[in-house]
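K.L.:
Quick one: structure below, then a few questions.
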Amino acid sequence: MPAIAFLEPAEMSMKRLLSSISLMLVLLFAGTVNAQDTNFSIPEVVLDGIEFDVVLYPGATDSLSAAHYTVAGVNEPAAFELNDDGVLVASGVRVSGTRAQDVTLLRDGETYLVKTTRSISGWWSIIPPLMAIGMALLTKRVIPALFTGIWFGAMTVIGFSIGGVFQGALDTFQVYVLQEFIDEGHASVILFSCMIGGLVGIISKNGGMQGVVNIISRFASNPQKGQVSTAALGLAIFFDDYANSLVVGNTMRSVTDRLRISREKLAYLVDSTAAPVACIALVTTWIGYEVGMIGEAISKVDGLDGSAYAFFLGSIPYSFYPILAISFVFMVSLTRRDFGPMLQAEMRARSTGEVVRQGANVDEAAVSGEETKPKEGIPIRAINAIIPIIVLVGGVLVGLYATGEGDSLQEIINNSDSYTALMWASLVSVLVAAIMTSTQRILDLGEIVESWYGGLKSMLFAMIILVLAWALSAITEELHTAPYLVSVLGDSLNPGFVPVVVFLLAAATAFATGSSWGTMGILLPLVIPLVWAVMTVNGMGDETYYYILYSTISCILAGAVWGDHCSPISDTTILSSMASGCDHIDHVRTQLPYAMFVGIVAIVVGIIPSGFGFPWWISLPVGLAILFTGLRIFGRIAEDELKAVEAA
């Protein structure tokens, strides 16, 4: 018994010791779990001296509030705050130097977790977009240029090495392109754009578009009315620039030939009412692309609220070049006045009936417009195009109203889901066109599907550019390109001059590449965050100064169209000259003085003043007056000039 009594306390002591050790292990393990449970994320790559954001992920077992946590690089610790998406973010964190850098998460001022990121010089961040622009200028091919820019950006993120070269190429497609392609908003834009292309295919094959053409062309009885009819038809086919060029050029060519209007003038009328109309009309094949790029850009800008479609609508009044270009077309048509090489072409056509110059390189069979020609032997009814288009436009408006919230129409549109509205409208309009075509027995079901697919195919190339542009945008965001540009330009660049600088940059890029879509894809994701940051740095980050943002957005679109108009390698310029049966160089040579005249007036009277708050509704009338006055002073009527020559 005494022995047992002696052993019992010892055994109990051992049990207490084991229990204490177990408790210590449990507490230690629990602390480890908490340390691993609460976490934070930092960018894989940061720029030397450029601020970046850090995201905190509080653990489920962590009873401490976010107020107990801060994060620090080389600067003072930054606190975490909830952003609009309910995520805890610490802004303004910086590191110094171009090497591996530690970022420390602090809990109550004590080191909690440490993570390492790679810091590089800021100028590396601007190389991918500059490479894309430079290669586009050099090769005149946008898709390889965008792919190369993404590839270099991916290598920059991974690190420069032999393995990084190959991994960057793989990540370009498998990571960056894929993540943009499967994004819900991006998929909406792609589907909407393809559906609009399909709609164009159906209303072309069922004779509806030809019916609209026939109605307008009846008005053409003399050169003046022939030009006005051609311009009006260009406005009527507002929903797609390619369809506009092909339809108007091919259908009005016989009318203008009969009226002795030169092919150069026809090509100008076609070209100047194609892209300018399509880029500012409320619902076109351009809208999905433009709204998609705008939405992608504003989604990455803190403090910038509103729907992408609302920002597009706000930019329309500042689209000085497209509006003035369309107006100038009607001025030229109604006054019958021309100047420069166009006057010589019109005098030749009126006097000799030679609508093309001798020796012109014209291949009228090169663009037959098969996709836009109606099926032979069917009734031609304009209603088959008019109703689906009304449904499309009306459907977008109804969709915006149905998905929006607010007390005023402006608030409703600002808070609406433009992607949903565009998808609803495009689907319903295609169904309406298909049902109308089928019930009238114009096309059978198989032919309707084929015509829809034929129109859809015309959008695929643009969609490839769009997805690559989105991917390049993701790269520039990951490399902090916009914050770096702001750090360099923010204090030195006057916000008022941003629109005109952007307009000239967009024009130069489009002129050299020949692609307005490629230009928009490269510049929109880069410029919108930049201009907003410049505005914020200068204390202009509220709705009072939104005119700068609207003007800048419009200048990207309008500048791209202006450069496209002046470029001999532009797709729409080439298409316009071919569909009109005009020598391509003759078209460029005769259109260039008109485009330059309108562009300069748009810059001097519209873009520069509007950047400093001058009302657009004053700039536009002044610009129109200058254009009309200039045309009256420098323009001559071809018939009058011929009479003067004969009299001499």
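K.L.:
Given a cut-off of under 8 Å on Cα pairs at least six residues apart, what relative contact order in percent is computed for region 74-160? Write out the running numbers ahead of the final one.
P.N.:
Values: 95 pairs, mean separation 14.5, N = 87.
Here the relative contact order equals 17 percent.
K.L.:
With a/c under 1.5 counting as rounded, go ahead and sort the chain into rounded, prolate or oblate using the C-alpha gyration tensor (a ≥ b ≥ c being the square roots of the eigenvalues; past the cut-off, prolate if a/b is larger than b/c, else oblate). Display every interim value, and only then the final one.
P.N.:
On the way: a/c = 2.77, a/b = 2.15, b/c = 1.29.
Cα axes put the chain in the prolate bin.
K.L.:
Another question, if that's okay. Please work out how much length the chain gains when fully extended from ILE618 to LEU445, using 0.36 nm per residue of separation minus the C-alpha to C-alpha distance, in nm with one decimal. Don't jump to the answer; show the numbers that get you there.
P.N.:
Numbers: separation 173, 0.36 × 173 = 62.28 nm, distance 5.20 nm.
Answer, rounded to one decimal: 57.1 nm.
K.L.:
With a cut-off of 8 Å between alpha carbons and a minimum separation of six or more residues, what is the relative contact order of the chain in percent?
P.N.:
Values: 1167 pairs, mean separation 115.3, N = 648.
Computed over the chain, the figure is 18 percent.
K.L.:
Classify region 531-607 as rounded, prolate or oblate from the Cα gyration tensor: take a ≥ b ≥ c as the square roots of its eigenvalues, call it rounded if a/c is under 1.5, otherwise prolate when a/b beats b/c and oblate if not. Spell out each step's value before the answer.
P.N.:
Working: a/c = 4.44, a/b = 2.82, b/c = 1.57.
The shape class here is prolate.
K.L.:
Taking the simple approach of a point 7 Å from Cα along Cα-to-Cβ for both LEU113 and ASP407, what is their distance in nm?
P.N.:
Once both label points are built, they end up 4.5 nm from each other.
K.L.:
Could I ask something else about it? Per DSSP H run of at least 4 residues, take -39500 (n - 2.57); add these up for the chain, divide by its residues and hand me the 222 nm value, nearest 500 deg cm²/dmol.
P.N.:
Working: 29 runs with 418 residues, N = 648.
Dividing the helical sum by the residues of the chain leaves -21000 deg cm²/dmol.
K.L.:
Additional query: By how many nm would the segment from ALA79 to GLN174 lengthen if fully extended, with 0.36 nm per residue of separation less the alpha-carbon distance? Numbers along the way, then the final one.
P.N.:
Numbers: separation 95, 0.36 × 95 = 34.20 nm, distance 3.55 nm.
My answer for the length gained is 30.7 nm.
K.L.:
Which of the three applies to region 321-455, rounded, prolate or oblate, going by the alpha-carbon gyration tensor with a ≥ b ≥ c and a/c under 1.5 meaning rounded?
P.N.:
Values: a/c = 3.13, a/b = 1.44, b/c = 2.17.
Oblate, since a/c reaches 1.5 and b/c is not below a/b.
K.L.:
Under the rule that an exposed site lies in a DSSP loop and has at most 11 other Cβ atoms within 10 Å, name the longest stretch of the chain with no trypsin sites (Lys or Arg not before Pro) of that kind, not counting the sites themselves.
P.N.:
Values: sites that count: ARG99, ARG218, ARG441.
With trypsin sites (Lys or Arg not before Pro) excluded where exposed in loops, the chain gives 219-440 as its longest stretch.
K.L.:
Which pairs break 25 Å Cα to Cα here: LYS375/LYS457; LYS265/LYS643; LYS225/LYS375; LYS205/LYS457; LYS225/LYS643; LYS205/LYS265?
P.N.:
On the way: LYS375/LYS457 18 Å; LYS265/LYS643 20 Å; LYS225/LYS375 29 Å; LYS205/LYS457 15 Å; LYS225/LYS643 21 Å; LYS205/LYS265 28 Å.
Long pairs (Cα-Cα over 25 Å): LYS225/LYS375; LYS205/LYS265.
K.L.:
When the chain is fully extended, how far beyond the present Cα-Cα distance does ILE387 get from THR98, taking 0.36 nm per residue of separation? Walk me through the numbers before you get to the answer.
P.N.:
On the way: separation 289, 0.36 × 289 = 104.04 nm, distance 6.14 nm.
The span from ILE387 to THR98 would gain 97.9 nm if fully extended.
Values quoted throughout were computed directly from the atomic coordinates according to the rules given, and no laboratory measurement underlies them. The model shown is predicted, which means the values in this text are computed figures rather than measured ones. In this analysis, Cβ positions are derived from the backbone assuming ideal geometry, glycine residues included, and neighbour counts consider all displayed protein chains.
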